[in-house]
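A.B. asks: Take a look at the following structure, please.
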Amino acid sequence: MAQGTETPAGPPGDANPGASGTAAYLHRRTLRRGSAGWLLLTGLGVAYVVSGDFSGWNIGLSKGGFGGLAVAMVLMGVMYACLVFALAELSAILPTAGGGYGFARRALGTWGGFLTGTAILIEYILAPAAIALFIGDYVESLGLFGLTSGWPVYLACFAIFIGIHLWGVGEALRFSLVVTAIAVAALLIFAVGAFTEFDAGRLNDIPADTTAFGSNSWLPYGLLGIWAAFPFGMWFFLGVEGVPLAAEEAKDPVHSMPKALAISLAVLVFLALITFVSATGAQGANAIKEAGNPLVVALQGSGEPTALSRFVNYAGLAGLVASFFSLIFAGSRQLFALSRAGYLPRFLSLTNRRKSPYLGLLIPGVIGFTLAAWSGNGGRMLNVAVFGATISYALMALSHIVLRRREPELPRPYRTPGGARTAGLRCGAAPGRASPGWPCRPRRAPQRSAPRPAGCVRRPLRPSGPYRSTGRPRGRRRRACGCPRGVR
């Protein structure tokens with residue numbers, strides 16, 4: 001495991017067991033390493049998101065029009081690009097199954113790690129429950145086996161796909177890659193068919209609301225429509241941040257993880273552009289803005305189903321299955337990491353003979369199935385899942401900033417583009433360890449430092465909170481002298 005990786009042997013605050021006790025504890029809580037190369041990891045990243053290209057995003061047209069959703073999509077794409085590049089650096093430093101939880105624990109302490117891990121766990125337990133409802137709707141609309149959307153379909157989804165995960169991570173990720181490839185191929189075929197009917201004049205055919213500030217044909221609901229379309233701009237990228245959860249099972253995670261994150265984001269950006277433009281230009285923004293299956297409506301309009309529209313309809317089910325399957329994987333690894341660290345009951349991190357966290361798969365599956373069968377409201381569960389994701393994004397980005405400042409000496413095989421400059425502008429130099437009596441040190445290189453007055457010492461604040469046990473200082477250091485501004 002790379003330098004800096006932490007694998008807790010027990011709950012925070014417990015006395016450290018002996019070497020034999022630690023080895024026995026971890027032996028029963030070890031994942032199968034080296035099971036996923038960069039290709040499988042890339043497929044996992046795309047699988048998290050691909051269902052969003054088939055439906056959901058088009059509701060943003062009813063909030064902001066083509067221009068509003070386009071601006072929201074671009075801004076969300078930039079935000080996810082920054083997040084993914086930061087996670088690529090962090091996952092190369094700390095390749096653990098906890099992903100964002102592991103980064104936050106290292107940077108923000110035990111409570112920061114717990115809050116981040118809990119937010120991620122909420123996202124990855126509720127999202128599969130919501131997608132199970134959507135799969136049931138698709139099965140009913142397609143008339144498969146004469147089934148209707150209900151608890152038997154939801155139970156079959158959880159039972160079949162959790163069973164594949166229990167067989168082993170390598171087999172599970174290969175299955176996910178195959179289903180994802182079918183969904184991506186369907187999107188490419190759809191785009192080719194839709195572009196044959198493309199008309200640029202249909203992109204802005206939603207009537208403008210003359211009472212909205214700044215409204216025009218491209219922004220029919222005004223400038224505020226851009227804000228309203230933000231959640232739907234996220235739909236093209238939501239979930240890609242879950243790739244680092246597979247770092248502990250990856251081949252050479254230091255190199256394969258950044259590569260997989262970058263490629264999966266590039267694939268998602270390409271799919272988002274061609275899907276958004278081709279679907280809107282084929283039948284018009286007004287025709288698909290509230291459709292449950294916008295790609296099918298974009299191909300056939302109000303006419304009879306065609307062979308291509310039927311194929312895309314079935315492929316939409318494949319996209320839902322790919323996302324459902326990958327989100328189950330992500331939730332199990334997050335629960336596994338929190339349990340192994342002692343935040344949750346430790347029996348939840350036990351693995352079977354094929355090194356799969358069986359309780360980490362079964363218990364979230366039971367919760368997800370119960371929520372799907374009891375609630376029946378996929379939209380509400382997705383809103384809560386997005387809320388958890390938003391909290392985790394903020395904490396993971398903060399972790400990147402804090403680690404750049406606090407531990408600049410960590411080996412970074414991959415560095416975020418512009419990260420050093422950005423870290424310098426935002427955070428300044430990394431503070432050293434607190435120790436009364438250390439002389440003030442220059443903020444820049446020693447040859448550029450201002451002269452240090454005699455007797456200058458730096459007096460740290462007394463550590464408290466999550467850093468009390470580590471002795472790390474919180475807040476800014478106080479000076480007992482009148483040092484120049486360039487000296488600390």
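The values are calculated or read from the model by the stated rules, or taken from the named source; none is laboratory data. Computed from a prediction, not measured in an experiment: that's the story for all the values here. Every residue, glycine among them, receives a Cβ derived from its backbone with ideal geometry; neighbour counts consider all protein chains shown. What goes into the accessible areas is simple: the full protein's heavy atoms, side chains included, and nothing from ligands, DNA or RNA. Shrake-Rupley method; radii C 1.70, N 1.55, O 1.52, S 1.80 Å.
A.B. asks: Just to check I understand the Karplus step: with θ = phi - 60° and J = 6.51 cos²θ - 1.76 cosθ + 1.60, what whole-Hz values come out for the stretch 187-199, glycine and proline as x?
C.D. replies: 5, 5, 5, 4, 4, 4, x, 6, 5, 5, 9, 5, 9
A.B. asks: Hey, another quick one. Return the lysines within reach of LYS63: Cα separation strictly under 22 angstrom, same-chain partners fewer than 8 residues apart disregarded; answer none if there are no such residues.
C.D. replies: List returned: LYS289.
A.B. asks: Under a cut-off of 24 Å between alpha-carbon atoms, report the lysines in cross-link reach of LYS259, not counting same-chain residues fewer than 8 places apart.
C.D. replies: List returned: LYS251.
A.B. asks: Here's another thing I want to ask about it. In sequence order, what are the phi-derived ³J(HN,Hα) couplings for the stretch 146-157 according to the Karplus relation 6.51 cos²θ - 1.76 cosθ + 1.60 with θ = phi - 60°, rounded to whole Hz, with x for glycine and proline?
C.D. replies: Karplus-based 3J(HN,Hα) across the stretch 146-157 equals x, 7, 10, 5, x, 4, x, 5, 4, 5, 4, 4 Hz.
A.B. asks: On to the next question. Of the accessible area of the stretch 102-170, with the probe set at 1.4 angstrom, what percent is carbon plus sulfur? It would help to have the intermediate numbers written out before the result.
C.D. replies: Numbers: 2000 of 2640 Å².
Carbon and sulfur: 76 percent of the exposed surface of the stretch 102-170.
A.B. asks: Here is a further query. Quick one: if the Förster radius is 56 Å, what FRET efficiency do ALA200 and ARG33 give, using the C-beta to C-beta distance and rounding to 0.05?
C.D. replies: Working: r = 51 Å, r/R0 = 0.91.
With R0 = 56 Å, the Cβ-Cβ based efficiency is 0.65.
A.B. asks: Separate question: Obtain the radius of gyration and the Kirkwood radius of the stretch 215-353 from its C-alpha atoms and give Rg over Rh. Numbers along the way, then the final one.
C.D. replies: Numbers: Rg = 20.1 Å, Rh = 18.5 Å.
Expressed as Rg/Rh, it is 1.09.
A.B. asks: While we're here: What's the FRET efficiency of TYR314 with TRP151 using the Cβ-Cβ distance as r and R₀ = 25 Å, to the nearest 0.05?
C.D. replies: Calculated value: 0.60.
A.B. asks: To the nearest 0.05, how large is the calculated FRET efficiency for ALA23 and ALA307 if R₀ is 56 Å and r is the Cβ-Cβ distance? Show your work: numbers first, answer last.
C.D. replies: Values: r = 59 Å, r/R0 = 1.06.
With R0 = 56 Å, the Cβ-Cβ based efficiency is 0.40.
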